[in-house]
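First comes the structure, then the notes that go with it.
Just so you know, all these numbers are worked out from the coordinates, no wet-lab data involved. Keep in mind that what you see is a predicted model, and the values were worked out from it rather than measured. All Cβ positions, even for glycine, are placed from backbone atoms using ideal geometry, and neighbour counts span all protein chains on display.
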Amino acid sequence: MIRVDHIDISYDGATKILAELSFSVERGAFIGIIGPNGSGKTTLLKTISRILSPMSGAVRIDGRELASIPYRDLARTLGVVPQETAINFDFTVMDVVLMGRHPYIDRLASESKEDIAIARRAMAMTGTEQFRDRSINEISGGERQRVIIARALAQEPKVLLLDEPTSHLDISHQIEILNIFKNLEGEVTTIGVFHDLNLAAHYCDTLILLDRGEIQALGSPAEVLTRDHLRRIFHINATVKKSPRTGKPYIIPIIEEDVLLTGALRIHLICGGGTGSDLMHELHQQGYALTAGVLCINDSDYETAAELGIPCITEPPFGAIRPDSLHELETMLGCADAVLVTDMPVGRGNLDNIRILERYCATPIVLFARSDAAGPGRDFTGGEAERLFALLKARGAATVDGHQDLRNTLQDLERRGDPAEQG
Amino acid sequence: MITRRHWIVLAFLAGLLFLSIFATVTMGSTRVALDTILSDPTATLIIFELRLPRVIAAVLVGFGLAVAGTAMQGLFKNPMADPYILGTSSGGALAAVFSLVFLGGHGQTLLAFIGATMATFLVYTVARQRGRAPVETLLLSGIAVSLLLSAILTLIMWTAGENVHRIFAWLWGGFPLASWGDVGVASLILVGCAIIFVYARDLNVLALGEEEATHLGVNVERFKQMLLCVSSFITALAVSISGIIGFIGLITPHVMRLIVGPDHRILIPASMIAGGLILLWSDTMVRTFTSEMPVGVLTAFLGAPFFVYLLRTRMKA
């Protein structure tokens, strides 16, 4: 349907905006272009919509070179939704939507009944009928953007180009509008520039990741939105999860605070049932060398450990901890400067994780509690776990309450371990 | 969409113009009753050789100024624009004054047309970068070229000596010497107006922005060149017939937009008729109640305060 063939775009003939860019788009596909600011996304879109012409290379639609298609013919094939539209005269909403029919109406003719019916349908799809007689400048920015989308739909295009079409809309309208485009999938080929990576991942079948005018990755959202790409291209640390419902990736950026500690301590984390994930993120970011286990492989804490690259001992589900794993755990505990135990649920399956601590008198043990946690009920062993915790506390294990307290305790431990400070 | 209200406004304006032409030929420094027009030879002469060509010339020039103004406002997407801003009229005026001073007034119309077109294309060329002339640059280069042309005009007038009074009278504009020959030249204005009207829907689409208009199938750069060319043609004809008459091209489209809305398919004919009406009555006023005060003075006196009023209400809105 669309072939972009080795296009070069530069300003003033010197600074290259796009360099030797090539890709092709199948009929009916939904393609997202993502990339940091200044990566050439909008330039690429403007080249496909014939606003800019490439210095070399060509864009072809159905085999025809863009520059050879008459303007009116192109307008019947290709519709564009810009980021923002300023209209200086007070046209009514209906007038603006009807302008989408411009390439279909002969020079001296008026709009036909059919044109008006098509405009009405476009307004119904975008929920803009109720404004039809109001001035385009009287309605809100989000409403205006929906009118502009209706105008593009009234063009009955085979290809739709979207330049961050929903960046001015609230979340409910974003989803509503993107669903409209999604419903056109199959009949209309859609190429959109997106800033919101999660929306892009959800709606597009293929993503093109641009950086400095070159394609860095092209493929399914899962192939393109990797931790590595996010770090390398967007310079952010992020967790990439898989939506359990749609199987599409979604991204949670980790907003980095200033790192206070260099994290000389090696900490072994005993956790489970999702109680350790936040601590792993926090401590990992602060630079502590973490190890974890023993964890069941379908525990979400294990997923977090794997994502962050934290060494972890694992067990298959529904079994007690095997001697091999216990042996590995002993090795890890032997290397650790401190052991952190979360407020995890303790059952017969993971009781050995706690029991083994009886043997480590010299290693500081920190028990993590959350003030918002349900408190009792984490013991599913009939009192055995409680007894062990009481014993550890009696031997000097510290109990910390919340993240701030943990941070202070770890800092104290670090100072104690640093000979320079013992002076 | 075009509604019945639009047609009513157009029919009303057309009827008013028709009646005004009849009314204004009877008015003037000599009153002529309608029933004596054919029986009294003096009255026949006054009506057919003096007043009728003058009335028709004023209407046609009014048509032209209003349509050129509407086109420029649509092109610049700015209701404060008009062909004078582009330097078109300065170019026409300079060339016409050149003919007055150095050629004894020969070839004035032709020179005015050449001057107006050249000034417009100079402005366009200055504003053009890599095949495109963005509106902002076009406005600024229009101002720059206008200033230069005015300076040259002043220089010519300074060297002109005793001709200065004639030049002033001509520059301020009017129709005291309008003949059937002028009407013949002015009728070309109708051709220009018709061309612009044919592109009314393209002007509507241009209001969405130049890129948007491209996406809707308008070859924007060629369309802009065409608009500039035709409006400078119209302006040059108007300038060569009646000198510089201000505010008609600015005010008329502005007022009509408030009445009929922004759709150029209605706005262009409505502004055209209204422009003809305003200039016709202004000229009738100056020839009836003053001893041929330049009509440009009257339109400026009426137009400037009105323009300020519009500006203030727009700012409040």
>> Can you find, among B:207, B:169, B:153, the residue sitting farthest towards the positive end of the charge dipole of the range B:152-257, where Lys and Arg contribute +1 and Asp and Glu -1 at Cβ?
In response: B:169
>> Can you compute 3J(HN,Hα) from phi for each residue in the range B:297-303, using the Karplus curve 6.51 cos²θ - 1.76 cosθ + 1.60 with θ = phi - 60°, rounded to whole Hz and x for Gly and Pro?
In response: 5, 5, 4, 5, 5, 7, x
>> List the residues, sorted by chain then number, that are 5 or more residues from residue A:313 or on another chain and whose placed amide H is less than 5 Å from its amide H.
In response: A:292, A:293, A:295
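Which trypsin sites (Lys or Arg not before Pro) in the range A:86-121 sit in a loop by DSSP (not H, G, I, E or B) and have at most 14 other Cβ atoms within 10 Å of their own Cβ?
Working: sites: A:101, A:107, A:113, A:120, A:121; in loops: A:107.
When the trypsin sites (Lys or Arg not before Pro) of the range A:86-121 are filtered for loop state and at most 14 Cβ neighbours within 10 Å, A:107 remain.
If you take the C-alpha gyration tensor of the range A:191-241, multiply each eigenvalue by 5 and take the square root, what semi-axes do you get, largest first, in whole Å? Working shown, then result.
Working: eigenvalues 46, 38, 19 Å².
Rounded to whole Å, the semi-axes are 15, 14, 10.
If you put +1 on each Lys and Arg Cβ and -1 on each Asp and Glu Cβ, how big is the dipole of chain A around its Cα centre, in Debye rounded to 20?
Details: 43 positive and 59 negative charges, 189 e Å.
Roughly 900 debye, rounded to the nearest 20.
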> Which value, in debye to the nearest 20, gives the size of the charge dipole of the range A:55-200 about its Cα centre, when Lys and Arg are +1 and Asp and Glu are -1 at the Cβ?
Replying inline: 360
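What is the average number of partner chain Cβ atoms found within 10 Å of a Cβ in A:94-105? It would help to have the intermediate numbers written out before the result.
Details: counts 1, 6, 4, 0, 3, 8, 3, 2, 10, 5, 1, 1.
Taking the mean over all residues of the peptide, I get 4.
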> Ordered by residue, what ³J(HN,Hα) values in Hz, to whole numbers, does the range A:349-365 give under the Karplus form 6.51 cos²θ - 1.76 cosθ + 1.60, where θ = phi - 60° and Gly and Pro are x?
Replying inline: x, 10, 4, 4, 4, 8, 4, 4, 5, 3, 7, 9, 6, 7, 7, x, 10
> Can you tell which of A:185, A:138, A:307 shows the greatest fluctuation in a Gaussian network model of chain A with Cα springs below 10 Å?
Replying inline: A:138
>> I need the phi-derived Karplus couplings for the range A:28-34: 6.51 cos²θ - 1.76 cosθ + 1.60, θ = phi - 60°, integer Hz, Gly and Pro marked x.
In response: x, 7, 10, 10, x, 9, 10
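Under Stokes-Einstein, with the Kirkwood radius over Cα pairs standing in for Rh, what whole-number D in µm²/s applies to the range A:283-401 at 25 °C and 0.890 mPa s? Spell out each step's value before the answer.
Details: Rh = 15.0 Å.
Reported coefficient: 164 µm²/s.
Rounded to the nearest 500 deg cm²/dmol, what is the calculated helix-only ellipticity per residue at 222 nm for the protein assembly as shown, with -39500 (n - 2.57) per DSSP H run of length n ≥ 4?
On the way: 30 runs with 377 residues, N = 740.
Per the formula, -16000 deg cm²/dmol.
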>> Under a Cβ-only charge scheme (Lys and Arg +1, Asp and Glu -1), can you give me the dipole magnitude of the range A:128-247 about the Cα centre, in debye to the nearest 20?
In response: 360
>> Among A:398, A:154, A:362, which one shows the highest mean-square fluctuation when chain A is modelled as a Gaussian network with alpha-carbon springs under 10 Å?
In response: A:362
>> For peptide A:75-83, what's the mean number of Cβ atoms from other chains within 10 Å of each residue's Cβ?
In response: 3
> How long, wide and thick is the protein assembly as shown, going by the Cα atoms along their three principal axes, in whole angstroms, largest first?
Replying inline: 134, 62, 48
> Taking each residue of B:215-228 in turn, how many C-beta atoms of other protein chains fall within 10 Å of its C-beta, and what is the average?
Replying inline: 4
> Mind checking the log10 I(q)/I(0) for the range A:66-111 at q = 0.23 Å⁻¹? Debye, one equal scatterer per Cα, no solvent, two decimals.
Replying inline: -1.02
>> Can you give the Rg/Rh ratio of chain A, where Rg is from the C-alpha atoms and Rh is the Kirkwood radius?
In response: 1.15
>> If amide hydrogens are placed 1.01 Å from N in the peptide plane, which non-local residues have theirs closer than 5 Å to the one on residue A:211?
In response: A:216
> If you take the charge dipole of the range A:1-137 about its Cα centre, with +1 on Lys and Arg Cβ and -1 on Asp and Glu Cβ, which of A:57, A:126, A:97 is farthest toward its positive end?
Replying inline: A:126
>> Compute and list, largest first, the equivalent-ellipsoid semi-axes of the range A:1-157 from the alpha carbon gyration tensor, each √(5λ) rounded to a whole angstrom.
In response: 31, 19, 14
> When averaged across all projection directions, what area in nm² does the alpha-carbon convex hull of the range B:201-317 cover?
Replying inline: 8.5
>> How would chain B be classified by its alpha-carbon gyration tensor: rounded, prolate or oblate, with rounded meaning a/c under 1.5 and the a/b versus b/c comparison settling the rest?
In response: oblate
>> List the residues, sorted by chain then number, that are 5 or more residues from residue A:367 or on another chain and whose placed amide H is less than 5 Å from its amide H.
In response: A:341, A:398, A:399, A:400
